[in-house]
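The structure appears below as structure tokens.
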Amino acid sequence: MIIKGKLLIGVAIGAVALFLIASPLGDAHHGIGRHNKFAADLGDTLFYASLLAGVVLIVLLIIYLFQLGLRSRRART
């Protein structure tokens with residue numbers, strides 16, 4: 001599978017969107033979650049999902065750079 005820029009941009013937008021949604025919800029001590037257990041649980045879940053999306057983005061970037069290096073090496077020969 002060849003990693004393309006559209007995929008990287010999509011994953012980055014997804015990670016940022018999850019974080020921006022989780023931010024006002026907060027956790028059991030901050031944000032809306034201070035007064036609502038469901039909002040706290042949802043905020044925690046979305047925050048962890050944004051962290052996971054960030055890790056996936058980093059892995060995809062490493063693979064993308066590796067593939068880019070291979071393609072440029074093939075183009076030189």
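Quick note: the coordinates plus some simple rules give every number you see, no bench work behind them. No experiment lies behind these values; they were computed from the predicted model shown. Neighbour counts are summed over all protein chains in view; Cβ atoms, including those assigned to glycine, are modelled from backbone coordinates with ideal geometry.
Points to keep in mind about this one:
- For region 1-46, a residue qualifies if it is aromatic (F, W, Y) and over 10 Å from the mean Cα position of the chain (by Cα), and exactly one does: F38.
- When region 22-65 is filtered for residues that are touching a residue at least 12 places away in the same chain (Cβ under 8 Å) and among the aromatic types (F, W, Y), the ones remaining, listed by number, are F47, Y64.
- Verdict on A22 being of a type in the set (A, V, I, L, M), surrounded by 15 or more Cβ atoms within 10 Å (Cβ to Cβ) and assigned to a helix (DSSP H, G or I): yes
- Of the residues making up region 56-77, those that are touching a helix residue (DSSP H, G or I) at 6+ places or on another chain (Cβ under 7 Å) and not in a helix (DSSP H, G or I) number 0.
- Within the option set A28, A17, being among the small types (G, A, S), part of a loop (DSSP other than H, G, I, E, B) and surrounded by fewer than 16 Cβ atoms within 10 Å (Cβ to Cβ) holds for one residue only, A28.
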